[in-house]
1. At a 10 angstrom cut-off on C-beta neighbours, averaged per residue, how do the peptides 115-123, 8-16 rank from highest to lowest?
2. Which of the peptides 81-91, 24-34, 229-239 is most tightly packed, and how do the rest follow, going by the mean number of other Cβ atoms within 10 Å of each residue?
3. Suppose the chain between N45 and A76 were pulled fully straight at 0.36 nm per residue; how much longer would it get relative to their current alpha carbon spacing?
4. Between A91 and E173, what FRET efficiency comes out of the Förster formula 1/(1 + (r/R0)^6) with R0 = 22 Å and r the beta carbon distance, rounded to 0.05?
5. Who wins for biggest fluctuation among K204, K177, K164 in a Gaussian network model of the chain, springs between alpha carbons below 10 Å?
6. Note down the accessible area of Y109, probe 1.4 Å, to the nearest 10 Å².
7. Net charge around A81, counting only other residues with Cβ within less than 12 Å of its Cβ (Lys, Arg = +1; Asp, Glu = -1)?
8. Please report, as a whole percent, how much of the solvent-accessible surface of the chain comes from carbon and sulfur atoms (probe radius 1.4 Å).
Amino acid sequence: MTTQATANQIVVVDDEPHITEIIRLYLEHANYEAVIMHGCEAALNYMKQSNSPDLVLLDVMLPDGSGFELCNKIRALEGAAGQVPIIFLTAKGEPMDKLRGFNMGVDDYIVKPFDPNELIARIKAVLRRSSGSLKLSEDGREPLPLKPKGLEIGTLMVDLQRYKVSVHGHRIELTPKEIELLHFLAANPNRVYTREDLLMHVWKFDFNGGTRTVDAHIKNLRKKLGNHSEWSIETLWGIGYAFEVKSNV
């Protein structure tokens, strides 16, 4: 007897019934479990009381608060719930709104109106990055193994296959994008990258609204990783960032 794998659970936080119904139908057709929430309070309580979902799809304008505020509250939760991938799906499409979202550590930002098929494709891409252990085939259903993408620098271990980071053997809770940024820098040690370089290599796009999202992610990495004598993330003022490794490591 073959055991069926548990479907990825997607929490959808949006107060527009016709939009949530379309999203639910497309998610279920793609073999995801959709959990619909219509406000900030209900969504946050669910995140606190349940096992962490696999992804949160979040509107910005909600009846009982701002999706930006809810995103900050989710990121402040302990454990896996605070690191859950988040995609903003909203009518607020100004560059500064997008920049604000990415500065909070969200994984994608989609502007309404949207193509439901593109939404599913981008959800799959974020889940693929966050799980790391599986790669979807072209139809999105059959898992294929990824090549190992791990590196070790002194006491730092970065496993991009399983999206795990540890220092001195202790797990460090990072968002998927923080792990990708750390892996890219650590895989290219002692080399300076501009913020624009990092946007292109890690975020895979040229963000015209500014580069402060890179600064915010670097700040979060330094805070979570702490100070270490073997390696450090250095700022080259006016240029960018570099992952510097001591010669004896």
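The values are calculated or read from the model by the stated rules, or taken from the named source; none is laboratory data. Keep in mind that this is a model prediction, so the values were computed, not measured. We place every Cβ from the backbone using ideal geometry, glycine too, and count neighbours over all the protein chains shown. Calculation scope for accessible area: heavy atoms of the full protein, side chains included, ligands and nucleic acids excluded. Shrake-Rupley method; radii C 1.70, N 1.55, O 1.52, S 1.80 Å.
1. Details: 115-123: 15.6, 8-16: 20.6.
Taking the mean over residues of other Cβ atoms within 10 Å, the ranking is 8-16, 115-123.
2. Working: 81-91: 21.3, 24-34: 16.5, 229-239: 12.6.
Ranking, from highest mean packing down: 81-91, 24-34, 229-239.
3. Values: separation 31, 0.36 × 31 = 11.16 nm, distance 1.33 nm.
Going from the current span to full extension adds 9.8 nm.
4. Numbers: r = 32 Å, r/R0 = 1.43.
After rounding, the FRET efficiency stands at 0.10.
5. The residue that fluctuates most here is K204.
6. We get 10 Å² for Y109.
7. Values: positive: K48, K73, R75; negative: D54, E78, E173.
Spelling it out: positives minus negatives among the neighbours equals 0.
8. Whole-percent figure for carbon plus sulfur exposure: 50.
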